[in-house]
Structures are given as structure tokens and as C-alpha cells.
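Here is the structure we will look at, set down as C-alpha cells.
Values quoted throughout were computed directly from the atomic coordinates according to the rules given, and no laboratory measurement underlies them. Note that the structure is predicted; figures quoted are calculated from it, not measured. Reconstructed Cβ throughout: ideal geometry from the backbone, glycine too, with neighbour counts over all protein chains shown.
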Amino acid sequence: MKKSIIYLFAGTLLLSSCKDDEKDKESCSKPFNFSSGAVVINEGSFNGTGSLSHIDLTTNEVRNFIYEDANCDVPAGSVVQSFAINGEKGYVVANGSGEVQVVNLSTFKQEKTIVLSYPRYIAFEGEKGFISNGTSEGKVFVINSSNAVTDTIQVATGPEGIFASGGKILVGCTGHWDGDLFTTMVDSVVAIINPSDLSVTNVNAWDKPTDFVEDKNGDVWVSCAGNGQYDNGADKAPAFVKLNVENGVAKDTLIVGEVGESISKITINESGDIIYYYKGDGVYRVGINGDYINEEVLIPGNFYGVEVDPASGNILTFDAKGFSSDGVVGRYSADGDSITHYSVGVAPNGALIK
Amino acid sequence: MKRTLLYILTALCLLNASAQTLDTLRLSTIAVVPTQFKNVEEFGSVIVQEPFLTVAELLTNCSSVQVNNQGGKGATSSVSIRGYSSNKTNVKWNGLSINNLTLGMTDFGGIQSGVVDNISVYKGNSVSDLNDVSIGGVIAMDNELNWKDTFHFQIGSEIGSFGYLGNQFKTGGLIKGFTFQVKSSFLSAVNDFKYKNHKRIGTPNEVQENAAYYNGNLIFSTGWRNKKIKFENHTWFSTKKVESPKIFADSKPSVAFYRDSSIRSVFNFYTPIKKVRIKGFYGINHERFLYNDSLFAINTFYVLNNNHFNVSAKHNLKDWYFEYLSEIQFQNAHNNQFEDVKRRVVSLTKSRIEKRLFKERLKISGTGVLNKIWRPNTVFPGGVIAYHFSMRQFVFKGSGGSHFRVGNFDDLFWPKGGDENLKPEKGWNIEQSVGYSVMIKKLEFTLFGEVYNSIVNDWIQWRDAGEYWAVENLKKVNAQGGEASLEVNFSLNEVKLNFMSHYSLTKVTTLESELPNDPSIGNQLTYVPMNKSKNRISLVYKGFTGNYVFNYYSIRHTTTDNVERKALASYYLQDLHLMKKWNVKPFSIYSKFSILNLSNQFYEGVSNRPMPGRSYYFTLLLNFS
């Protein structure tokens, strides 16, 4: 009898302590419901942690630290590289931590952590998610609807940008760092993954294929950084490669700079006919038929990302401001006229706009 | 842990019972050298009793020094003086510059204080007292030859929490004008401490992994003298391996580590020519460094050499004192990130004149310097005026002058973004201090106050230049602040009481910047606490000494725009030490038991790096003389 009373007492204590823990979590959490606007990805400072900000593109209100607020001040990780959504879930990819945090979009509370070594970007096709893991091993991880890793796909080294188009998944393989030679062994492969059987078809694009957009004709444009400062060879200018995903053919190559320059992230307008990209001196644009190809810089500045708000057609620029203080998101008309600026977290590199 | 404590207490009691002579420990205070133009803090007496402390741990006692630790024993620790970044603190070992040529700074994490006999901290431009025009200050580490004892040795060990073990051995002697000293020290630590990870969901308890540290040192010192000449040599072999643990936000243990080994040797030659004292000096610093992170295929290595020559002359003529120095350093670096071996030549010419007045109560010094650098080709003239005035219990000191720093090898020679024509940082500083000592009955009070103001133009900084990162002269930075301290000593029969309290205010801000809308303007420099307070109370009774230490650090910003939410929280640390010394002639035995971070305070030395909680250490030293 005495033992039963002790067990009962201990059980009650445990239950009450669990309840207290839940209460604590509730009281410290400030949920955030992401229904519209831009979620800005802030990589964070060196040795620090990244964050997410939200911009209401209608009212121009900014709310910083939305992930930390919803999760009792726990950050999403170090070097938050990207953010993607699939249904009711959000995926915060932190490559420094080697994690993907899965959140509920109605609260932004963390629900699951996917641990990898160096996750970079994530894309979805059907029931599956595909995460590029940017190491020299050249792996893309496949997750199911429960966000469990189910498969690993071998691609070329340094998988970076990942994109869903025409029922396929495209992965830009940029190469890998050779620590002994102290140089990047540049790759130029775009891996096209068939989600149903996970087979891979490689297409040779241009040096360091990095990011993707799909134009109004269904062609995919790949931004290729070219050979840069620490790359083996270092003699190729940046370029766009136009791909036909269905038959895996590179249809065209458009060089957009000089040797020594590079491009990385790109975006396309709502009508799918003008691509925006940036170089060291600012944002440029190029039409899918070659318009504006030799135009001067559209928005001067030193940027770390560019996006287009599909609702307004406005261009959003991301200024990392030296990577050690709050960054600035600039809002411009499609012609490059300044509209307003927003102060966000440290080192913003882009946004997901809904 | 209880059992360990019991063993320690039993050992202490046994030692006490066997002691023939009871000896009272001297309070190991930081000495402020009175005769210099700078207020120099010296740690010689602390090192005698606590040779196992790393230099970084030792310097935390200095209120104007900020030590930013990245983890447990031996982890990388950078040191900044008066709020200026660590590459503006020059480090000298027996006069030899040992700052890392590629980074410009010195990692004090793994250097045991016992490898030297004295450490002195000079704040600001120190050219009146030393041969250095540093911006932040100078940390001088010196080995001293013993010209009196015939033979002595010391052997000791220290054990502590988280797999820590230290061993030291020292011996020396004097035979017919020839003196020698050999020192060896070995430290290792697993650093497998537990911590609560507040930057992961559920704040899990984690154990630090891949954080082990090993350091070994061997130092030979020899000297010979007769009536006319004196010759000295100090040679230091050092090696260490430091594993880099994961940060709070990482999901997996790190596999990164670095190895650092060095051979340093200095030769000094002294001789008088008529009434002029001449000193010749040659030193070499040879360093090899390797950083490896197999996860990201990073493998960086470099080999650095610094050949350092100087000749100086000193002469007294009644109340006048003259000093002349000519110095040249030949530096080279072979770095796998550079295209070839990079070389640089740096020289300093210094002339100083000093006048002593009013029975030496007032000393006025004027120093002129000429810095010449051959790559980048720069000439920088400068000077300092200083005074020292003592009146009854008061001592006043002040100085004003220029300071100077040339960029490090990474700044100058990084393949893209480095700039061989980068301008040196230059500027000026002024400082004024007052010290006061008084005895009221059995209470001895010592008060000290100092204020300073300094400007650095052409501040060197790396910035995102679009396609790559590039170094530029970007800012004008101002450091201003003050220090105040109070020390009280009380003696009554067998009881001795000592209380010390230091406070420092450090404000370092950007005044002007080439960067458009630079957010650092008007804001505090990152990782510099504006307020610090260091306090200690010591009690000596019947041969035992007890120390209680309480240090406070205000918040430190990690972003240049001082976003509060990204700042590291303020914290305080408490330590407790119990010491005892027995003299059993010709031996003496010293023992110490310490509890560090008594209240198990959570804090971050550097953002995202876990620090150990409460830890225990026991030291035993045996001396024969």
C-alpha cells in the first residue's frame, strides 16, 4: 500500500512537472502565422546564429526574429541558408548547424529536425522533398511526407541550388573545395532527377551552375557563376544556360559578364519574361529573348540576394551590410526606382514570398 | 567529487602535521611598477605561485585587458587592451616580437604562465618604456636568469576537472659566472564538460566533444658574465594541438583541429664602452601552423620566420638620461594560400632623452621614433612626451604621443583582396593617472585612477567588395575610458586581510567611416564590455591563505549596430582558492585547491561557444633551493 502511495505521488509529481514544462513553453513562445508577405532569410554573423524576418509587403511592417519568438528564443541554427514551404510546413535550412528545422506555418513552432552534414536548399515534387547537401560527396537527400530521410541520390560534387520543374528536380553541382590544392575543383553539371525512380541524368551547363528560374515557355534558366577567385582555372565569365528539362538539352548560353565577375541567385518576374540577377556593382536584368543584355546596372549597390514580389512586380534587394550588423532589404519598382527600405536581421540573402 | 575533496583535505592535514616550520604565504598581488612612465602591471609574483595558469587566465586579473575565451582549458583566447582588437596588442617574449605574422595576433589560450618568470602589461603606446609604438598595448613575457642561487629545482603537478593534468619541472644553478635554467611544462585537458544547450530546442544537456588540448614546452636559459660583459640566451621549444569543438547551434561534433609548433631563441649581449651601456640583441621566431577540417576539406598551413636584430645604447650624464635604439626585423611567411614566400622588412629607430628634477621627484621624457617599412614602402615618424611626478604619497603620470601599426601578412598579401599598398593604422593617444597610498593605523590604502583617450585613423578592415572580400583603410576609431582601483591591507597578529577592487570603463566607437551609412558609427565595438569590475578578498591565517574572487562583465555586442538581442549577456564569475605553504628546509611545499566558476554561471566567452561550469583544481609544488 505504502509503495502504491509513493508511486502515485511520484507519478503526480512527474505529471505536474510535465504540465509546468508545457506551460513554460507556452508562455515563452510568441507564435507567428505566415499567411502572406516575405519571410527574409538572415544568415547571421560569423560564429553567430541566423534568423528569419517577416515583411508585410502591404503595410510595410517588419517583424524580426520570428523563429526565435515562436521557439522560446532558440535560434534556427547557424548560417540559415534558405527557407522553403510545402503545404502547411516550412523548412528552415541551416548549413552551419547541418540541420533543417521543420516548422508549422501557422505558428512557426519547430516540429522536427532533419540532421545532415551541409544542407543548402530544398525543393518538393509530389510527396517527396529533395535536399541538396553541398559537400564534396555530392549527395541529395530525399525526405518523405513525414519528413524522414528515405533515400540518398548520388550527384556530382557540391550540389547547390535545387529546383522543381516539369515534374523533375534539377540540381546545380558547383564542384568541391580541394584543401590540399587550396582551390575549388569546379563542376558544370546540372543533375536532373526523376522523382519517381530517383534516376539521374547529367547535363553539362557552364561552370558552377547555382540557381534556377522557369520562364513563361517552361524553359529553365540556370545561373552559372563562372570561374572565380579560388577556382581551378579561373578563366570563365558568368553565364545563363537555358535548359529544356523534358529532353535534358542545353538550348542556349548567354554570357553576362567578364572573367572575374560572378552571378549567383536569380529571380524572374510574374509574367516569366525578365530575369533579375546581381553582380558586384548591383542588380541587372535580362529578357528571355535577350532584351536588356548589354544594359547598364539597373539598381546600383552591393547585394547578397534578389527577389521579385509576384503581386506587385517590385524587386527586393538584400544588402548584407558587412555581415556584422542588421541588413537592409530594398524595395524597387520593376524599372529600378526606389520605393522603400526595411531593416532586417544580419546578412539577409533572400526571401520566400507568398 | 566528495571523495576527491576528502583526499585533498587529508593530504593537506598530513602535510601540515609533518611541517617543521610554518610559513605564511605572501599574497600574490599584481605589482604596479612605480618607476616607469606607464602604469605597468606585473605578474611575476603570481607566476611563482601559480605557474599552471595559462597566460589568458592570468590576464583576466587585469581590468584593462579583455580576454575572449572560446572554451575550456587551452581553447583559443584572444586578448585586447583598452578595447582595441587583439591584433593591436603586441606580444614580446624577451624582447622578441611573437605576434603571428599572418593574423597579427597571439593566441594566449595554450601558453602556460610558468614558461616565463614575469609578464608585464603595458597599456597604450609604450615607447617611453619599451621599444614599441603599439596602439592597444604590449604584453611582455620575460625569462629571468638567476645570478644568485647556486642550485634550485621545482617540480609540480596540477589536476582538475574535465580531464585536466599539468606537470612542470624547473631547475637551475650558478657555476663560476655561468648560470643556467631549464623549464619544462606539459598540460593536457579533455575538456569534456557538460553544458545546457540553450540554443537548441528543449535546451538539452550536452557533453563537449572534440575539445581536447595538449601543450608541451621546453625552455633553456643560459648566461655568462664577467666584470665587462654579459651574455644571455633563452630558447623556447613549444608544441600544441587544439581541437575545435562544435558551437551551440551545431548538430554534430566538429572534427576540426589545429597544430602549432614554434622555436624561439634570443641572444643578448651587454657591455659598457666608457660610460655608455651597450646592448646587442638577436632573436628568431620560427612558427609552423596547420589547421585541418576534414568535413569541409580545409587544410591550411603556414611557416613563419621573424629575424629580429637590435642594438641599443644608454648613458647617464648627471640628471640627464639618454637612450638610443636601432632595430630591424626580417619577416617572411610561406602560406599555402599565398602564391609564393612573402617577405617584409620593418625597422624602428628610437632616441629618448630624460631629465630628472627635484631630487628625481619629477622625470620628463621625450622620445622620437622613426618607423620604416620596406613593403609596403612607408615611413612613419612619431614621438611621445611623458612625465612622472611623485609628491609625498601621490604619484602622477601622464603621456601623449603617436602610435602606429602596419597591416599583417594576410592584409597585405592575400591573393585577391589583400593590398600591398595598404596604409598603416596611425593616430595618437593621451593618458593621465594618479596613485595615492596612505596608512591609517593598521589599514593601508592604495588608490589609483587613470583616464585615456586615443584615436586610430585608417583603421584596417575587410569588407565585402562584391565579387570578393577586400581589405581597406576604412575608419576613424576612438577609444576612451578610465580605470579606478582600491586596495586595502590590514594586519593584526596572525591575520592578514587584503581587499582589491578594480573597475574599468571602456568606450570604443567609430567616429568616421568610408562605408556608406556605416552602422558602427557611435556604437560600441563588438566584444568589448563597457563596464568591468574585478574584485578579490584574501585572508591569511595560521599559514593558510584563502582568496575569493568576484568578476563582473557587462554585455558585449556581437553586431556592429549593437542590436541588443544579438548581444552576449552580462555575467559574473566567482572563484575560490585555498592555499598553503610549508617550509621544510631546504624544501618548501606549496599546495592550492581552487573552485572556479563557483556559482556554475552560464556565460559565453565568444558567441555560440559553450564555456565550462564549476570546476575543481588541485596543485602541488615542491621547491628545493
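If I take R0 = 25 Å and measure r between the Cβ atoms of B:Val207 and A:Asp73 in this structure, what FRET efficiency does the formula 1/(1 + (r/R0)^6) give, to the nearest 0.05?
0.65
As an exercise, identify the trypsin sites (Lys or Arg not before Pro) in the stretch A:194-293 lying in DSSP coil whose Cβ has no more than 14 other Cβ atoms within 10 Å.
Hits after loop and neighbour filter: A:Lys216.
Sequence gap at least 6, Cα distance under 8 Å: using those rules, report the relative contact order of the stretch B:86-217 to the nearest whole percent.
Relative contact order for the stretch B:86-217 comes out at 18 percent.
Of all the Cα-Cα pairs you can form in the stretch A:27-353, what percent are over 35 Å apart?
When every Cα pair of the stretch A:27-353 is considered, 15 percent fall beyond 35 Å.
In nm, what is the difference between 0.36 nm times the number of residues separating B:Thr150 and B:Asp340 and their Cα-Cα distance?
Extending this stretch completely gives an extra 63.4 nm.
Would you tally the net charge around B:Gly136, using a Cβ to Cβ cut-off of less than 10 Å, leaving B:Gly136 out, and scoring K and R as +1, D and E as -1?
That sum, taken over residues with Cβ under 10 Å, equals +4.
Using Cα atoms only, what is the angle between the long axis of helix A:2-28 and the major principal axis of chain A, expressed in degrees (0 to 90) to the nearest 10?
With rounding to tens, the tilt is 40 degrees.
When a footprinting reagent is the concern and you count Cβ atoms within 10 Å, what order do B:Thr560, A:Thr135 take, fewest first?
Ascending Cβ contact count within 10 Å gives the list A:Thr135, B:Thr560.
Fewest Cβ neighbours within 10 Å first, please rank A:Arg331, B:Arg277 accordingly.
B:Arg277, A:Arg331
Once fully extended, how much extra length lies between B:Asn457 and B:Glu512, figured as 0.36 nm per residue of separation less the alpha-carbon to alpha-carbon distance?
18.9 nm
Inside 10 Å of the C-beta atoms of A:317-323, what's the mean count of C-beta atoms belonging to other chains?
Averaged over the peptide's residues, the number is 4.
What does the convex hull of the Cα atoms come to per residue for the protein assembly as shown, in Å³?
187 Å³
Which whole number gives the average, over all residues in B:519-527, of C-beta atoms from other chains lying within 10 Å of the residue C-beta?
2
Could you put A:Thr49, A:Thr152 in order, starting from the residue whose Cβ has the fewest other Cβ atoms within 10 Å?
Lowest to highest Cβ neighbour count: A:Thr152, A:Thr49.
Cα to Cα, under 17 Å, and not fewer than 8 places away if on the same chain: which lysines meet these conditions relative to B:Lys228?
Cross-link targets: B:Lys176, B:Lys274, B:Lys275, B:Lys279, B:Lys314.
Over chain A, calculate the relative contact order: mean separation of alpha carbon pairs under 8 Å at least 6 apart, over the residue count, as a percent.
Relative CO of chain A lands at 11 percent.
Can you tell me which of B:222-233, B:385-396, A:71-82, B:518-529 comes out highest on packing, and rank the rest after it, using the mean Cβ neighbours within 10 Å?
A:71-82, B:518-529, B:385-396, B:222-233
Among the GluC sites (Glu not before Pro) in the stretch B:444-515, which ones are in a DSSP loop with at most 15 other Cβ atoms within 10 Å of the Cβ? Mind listing them?
Filter output for the stretch B:444-515: B:Glu494, B:Glu514.
Kindly provide the helix-only [θ] at 222 nm of chain B, computed as the sum of -39,500 (n - 2.57) over DSSP H runs of four or more divided by all residues, to the nearest 500 deg cm²/dmol?
It comes out at -1500 deg cm²/dmol, rounded to the nearest 500.
Pairs of alpha-carbon atoms within less than 8 angstrom and 6+ residues apart define the contacts here; what relative contact order does chain B have, in percent?
11 percent
Counting only other residues whose beta carbon sits under 13 Å from that of B:Asp319, what net charge do I get with K and R as +1, D and E as -1?
+4
Would you give the gap between the C-alpha center of the stretch B:303-356 and the C-alpha center of the stretch B:369-414, rounded to a whole Å?
Between the Cα centre of the stretch B:303-356 and that of the stretch B:369-414, the gap is 13 Å.
Counting partner chain Cβ atoms within 10 Å of every residue's Cβ in A:77-85, what's the average?
What the average comes to for A:77-85 is 2.
Straight-line reach from B:Lys359: which aspartates and glutamates have Cα under 17 Å away, leaving out those fewer than 8 places along the same chain?
Within reach: B:Asp319.
Taking 7 Å along the Cα-to-C-beta vector as the label spot, tell me the A:Asp337-B:Asn583 distance in nanometres, rounded to one decimal.
9.0 nm
Within the stretch B:465-561, report the trypsin sites (Lys or Arg not before Pro) that DSSP leaves as loop and that have at most 12 other Cβ atoms within 10 Å.
B:Lys542
Pop a pseudo-label 7 angstrom from the Cα along the beta-carbon direction at both B:Ile159 and B:Ile440 and give the gap in nm to one decimal.
Here the answer is 4.8 nm between the modelled labels.
Taking GluC sites (Glu not before Pro) as exposed when DSSP calls them loop (any state but H, G, I, E, B) and at most 16 other Cβ atoms lie within 10 Å, what is the longest stretch of chain A free of them, the sites themselves excluded?
A:138-245
At what distance in nm do the modelled label points of A:Asn144 and B:Ala465 sit from each other, each positioned 7 Å from its Cα along Cα→Cβ?
Label at A:Asn144, label at B:Ala465, 5.2 nm between them.
For B:Lys580, give me every one of the aspartates and glutamates with a C-alpha distance below 16 angstrom, ignoring sequence neighbours fewer than eight places off in its own chain.
B:Asp23, B:Glu50, B:Glu158, B:Glu494
With r as the distance between the Cβ atoms of B:Ala313 and B:Lys228 and R0 = 25 Å, compute the FRET efficiency 1/(1 + (r/R0)^6) and round to 0.05.
That gives a FRET efficiency of 0.95.
Report, in whole Å, the centroid distance computed from the Cα atoms of the stretch B:517-585 and the stretch B:436-454.
Going from one Cα centre to the other spans 21 Å.
Enter the Cα centre distance for the pair the stretch B:126-184 and the stretch A:31-74, rounded to the nearest angstrom.
Going from one Cα centre to the other spans 53 Å.
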